Structures are given as structure tokens and as C-alpha cells.
């Protein structure tokens, strides 16, 4: 009988532990499930978010995973198998396919990859996904000293903001500084306003502003949107094309002409100043698109590395065009409701 009592007691303790875990999850109100699918033949899960870390498991194409966290720069995802309570380990983002925003994931590793002198003590709760590279400055001013740079496509923890949220103070791998907010994906207004304002800020710069009729702004916006949509569709088609080639299919070779960059003048920027910020991103997409087209123009037998490089160029182009279209959509909402 004593043995039965022990077993019953252990079972009750396990049940209480599970109830406690479930209750904690409900108390946090965090019921969002982020899913990803393995997009390569096979990949490794590692114990830490580093290519040098110990391998703990293998993954295979089309395997579904739950993503529970990100590392310091958002390039590694912490994952677990669906329905499990224990995490499996870390996977590099490029071997997965997902449709969520990495900045919405919690920061679950604060140490691996740290190279700067200022470690994070905890997840600040705010993050920014970089749509383009940015200069890291000592203060929220364009003439503030340069202290480093932040590359495109990483996710950086956000510590504070300036008075109107146009500058964000971030920690990139241990280097702390200010970046211009528009270099990252637009934050929802309510989330932006929740970021604490930094202390001892310099007075904000003031500028004379010319008011442009919304009709002119929207016309400029639509012109850029039409351009971007056209090449986004081509980039998506090229991505599919190179995926089929990588699988061994023989495809027709009918390359279109070289894609030209988005053309705009000072008068266009006067009517829609955001063009000067969005066009470089779109033109980066054009650069990748033309690189993918250059490989297509070989029209012959290609090496595996050439095919993979052309597919990667098409993916990069598609992502940049998608980011530009998203920014244009957000800008249109602001213009319409201003």
C-alpha cells in the first residue's frame, strides 16, 4: 500500500505542475502560436543559436515546428515540436518558411552572439525588424556621432524612443545607439507609444513644412506601387522558376530585358518625401532581380551553386519589394486618414 500511495502522490504532483504551467500561460494571455515549416531537405537543430553549437536533433523537409523565441539579432529561432512542452533547440532562419513577423517573438537568448560591451539584462519587450541597413548613432540626431551600423533583415531589441518615435534607441549585439525608425518595419502606433521615452533628450529639430494636397501624394504613391508590384510579380515567378530547376526540371529560357531602377526627380520627392526613403529599398530589389535574370540569360546547363544563388537573389528581390509595398500601404493609410 505504501508503494501505491507514493505513485499516487507523484501523479498528483505532476498534475498540479501541469495545471500550474497552464495557469501561468493563461495569466500571461499569450496564446499566439508561431509556426514554421522546414524548407530544405534536412537541417540541424542546435543547443544554442550558433552554427558552432552542438547538434541536438535533425529536421526534414515539410516538417512543422512551433517557434517560441528568437536570438539577439533574430536570425535564429528557438523551436519545439507541435504540442510539446519542452523546446527542441535553435534553427537558423534560412532553412525555414514562415509568415509571422520575427519582431513579435520573445527574446529567449540574451548572451549567444554578444560582441559589444552592453549585454541585455532582460527582453525589453519591443523589437524592430530592419528593412534596410542603418547607422547607429550616439543620439537621435543625424549629425550625432556614428557608433556602428545595423544590417538589413535583422531584428534588434528596442530600448527607448525619442519624443515622436522617429528615432529608436536599440541594442544590436551589445552595441547601444540610436537609429532612424523608418529603416525598420513600421510599428503599430499603440506599440510605438508604449516604448518608454528616453531621458535628457535634446530638443527636436524643427523644419518648415510645405503642405502638399493628398491627391498629389496618392498619385505619386500609386505610381511607385504599380512599379513595385510589377517587379514583385516577376521576382515571385523567378523564385518558383529556380525552385523547379533546383528540383531537376528542365525549364524554358525566355529572359525578359534588364529591369531599370525606379526613376524620380526632386519634384516627385517634394510631392511625396517618402519616395527618397522607399526608392533605395526598391532599387536594391531591382539589383537582386537583375542578378537572378543574369543567371537565367546563360540559357544552358548550370551548376547547383549558380541555381541556388539565382534563387536566393529572386527571394531577396521579392522580400524587398514586399517590404516596399507594405510601407506604401501604411503610408496610404496615413495620407487618407490624416
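The values are calculated or read from the model by the stated rules, or taken from the named source; none is laboratory data. Since we're looking at a predicted model, the values are computed, not measured. Using ideal geometry, Cβ is built from the backbone for each residue, glycine included, and neighbour counts are taken over all protein chains shown.
Within the option set 203, 196, being at pLDDT 95 or above and either more than 26 Å from residue 317 (Cβ to Cβ) or touching a helix residue (DSSP H, G or I) at 6+ places or on another chain (Cβ under 9 Å) (or both) holds for one residue only, 196. Tell me, please, whether a residue that is in contact with a strand residue (DSSP E or B) (Cβ under 8 Å, 6 or more places away or on another chain), at pLDDT below 95, assigned to a loop (DSSP other than H, G, I, E, B) and surrounded by 12 or more Cβ atoms within 10 Å (Cβ to Cβ) can be found in region 209-222. No; the residues of region 209-222 include none that is in contact with a strand residue (DSSP E or B) (Cβ under 8 Å, 6 or more places away or on another chain), at pLDDT below 95, assigned to a loop (DSSP other than H, G, I, E, B) and surrounded by 12 or more Cβ atoms within 10 Å (Cβ to Cβ).
When region 118-140 is examined, which residues are found to be in a strand (DSSP E or B) and surrounded by fewer than 17 Cβ atoms within 10 Å (Cβ to Cβ)? Result: 135, single match.
What tally of residues in region 93-114 results from selecting those that are closer than 28 Å to residue 176 by Cα and either in contact (Cβ under 8 Å) with a residue 60 or more places away in the chain or under 13 Å from the mean Cα position of the chain (by Cα) (or both)?
12
For region 64-81, give me the residue count where each residue is farther than 14 Å from residue 108 by Cα and either surrounded by fewer than 17 Cβ atoms within 10 Å (Cβ to Cβ) or without any contact (Cβ under 8 Å) to a residue 24 or more places away in the chain (or both). The qualifying residues number 2.
The set of residues in region 243-286 being touching a residue at least 40 places away in the same chain (Cβ under 8 Å), assigned to a helix (DSSP H, G or I) and closer than 13 Å to residue 324 by Cβ consists of 275, 277, 278, 279, 280, 281, 282, 284, 285, 286.
I need the full set of residues from region 297-324 which are crowded, with 20+ Cβ neighbours inside 10 Å and over 17 Å from residue 94 (Cα atoms), in order please.
321, 323, 324, listed by residue number.
Farther than 29 Å from residue 111 by Cα, without any contact (Cβ under 8 Å) to a residue 12 or more places away in the chain and not in a helix (DSSP H, G or I), is that true of residue 164?
no
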